[in-house]
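Report on the following structure.
The values are calculated or read from the model by the stated rules, or taken from the named source; none is laboratory data. The structure presented is a predicted model; accordingly, all values stated were derived computationally and were not measured. Glycine gets a Cβ as well: all are built from the backbone with ideal geometry, and neighbour counts include every protein chain shown.
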Ligand code: NAD
Ligand code: MG
């Protein structure tokens, strides 16, 4: 069996770390041939010393010399590159067979599209790229002829519960896709109680340890909203066939409801290595380092309806998906700006939904034509979001 060469884009992040942990358990099957990060040259150099890739890339060109110096000092011989174009070129180039798309935010779009177009096995964690450019990404996948296996735990669960992973839902007899949500750290709170939330509190997720942006998205329920949009594209699911249920234990990762009344669920401890190992080895199963699920010790599985009056981002995501066109790209861009401002301390927690709502109202949806137009609309939405932020909060 040939060793699969894996590009880990976003190697220094939470998903990147979990991916490298799984790869390290199976040196006979996988090798991290490309490692890419934003600007943490020290973190990336340390990973290179351990994993010995062929190529290391920092997106920020200002950090390239520092990365090269650190690698030389550690006696690591690998190619060094920098810039967003280098990341995109590597994702479609000859040094990898599979690409783990684990860059956070719209910054992951180009490399994700490039990997799809080049027919790599695409392990998709970067949900923002499919939220922005769902139809274009699916077209790129068809063009490239490779597989996409979702790493987002909910979508990976659905993938596992569907015959063949991504069938025509109607013909497969699927009635609904049910996405579970932990509810985040503020489940059960009222709007009045959310006024003074700090970034530290928002990032303290009760069940999952993740990067800061997705942690805030989980706290606002925008993460679930992005996942509804992601499910719509990945599984060709009509918006009315996607439901969200809050499940605070985070053991049931999502469910598929069939017309005969069967509901298939995928369960496991909340550890991203399960989804990553599944996507790396599919259709085989490999050890992921995840503890066996002890159902008796957990004892209960609770489910409740999400409170979309308090957590308005989920309702906004459904509305953007219903609106169609590039509304979901506008939603994503406005959310990224708002989350950055919240993390920087210039926007209150409840202001995130307000900014997204105002930007969606300011920029009615337009049809998606191509990536260039979409990126221009992403820019326009970011400018609009900064405008709202400035007028309302500075
Ligand atoms: P993180 O913040 O921990 O890591 C982000 C990584 O992206 C870092 O390695 C960073 O250096 C890199 N990066 C950021 N901007 C970049 C740029 N412009 N160019 C190149 N690299 C860049 O985030 P994370 O929690 O690992 O999440 C990554 C993605 O996976 C997000 O889209 C998130 O929604 C998705 N995801 C994460 C989890 C999770 O459990 N962490 C679960 C499901 C989906
Ligand atoms: Mg998820």
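Details
- Taken together, 7, 101, 24 contain a single residue that is more than 9 Å from ligand 1 (Cβ to nearest atom) and crowded, with 19+ Cβ neighbours inside 10 Å, which is 7.
- With respect to the stated conditions, residue 321 fails to be part of a loop (DSSP other than H, G, I, E, B), over 19 Å from residue 196 (Cα atoms) and modelled with pLDDT of 95 or more.
- The residues of the range 112-139 that are more than 10 Å from ligand 1 (Cβ to nearest atom) and outside any helix (DSSP H, G or I), listed by number, are 118, 119, 120, 121, 122, 123.
- The residue that is farthest from residue 41 (Cα to Cα), counting only those in the range 83-106 that are in a helix (DSSP H, G or I) and free of Cβ contacts under 8 Å to residues at least 60 places away in the same chain, is 92.
- Here residue 109 does not qualify as surrounded by fewer than 24 Cβ atoms within 10 Å (Cβ to Cβ) and in a helix (DSSP H, G or I).
- Unique match (being under 21 Å from residue 254 (Cα atoms), touching a residue at least 24 places away in the same chain (Cβ under 8 Å) and more than 18 Å from the chain's Cα centre (by Cα)) among 168, 152: 168
- Where residue 125 falls short, out of the listed (1) under 25 Å from residue 301 (Cβ atoms); (2) within 15 Å of ligand 2 (Cβ to nearest atom): (1)
- All helices (runs of 4 or more DSSP H) inside the range 188-266 with 3 or more residues being more than 25 Å from residue 162 (Cα to Cα), in contact (Cβ under 8 Å) with a residue 60 or more places away in the chain and within 12 Å of ligand 1 (Cβ to nearest atom): 212-220
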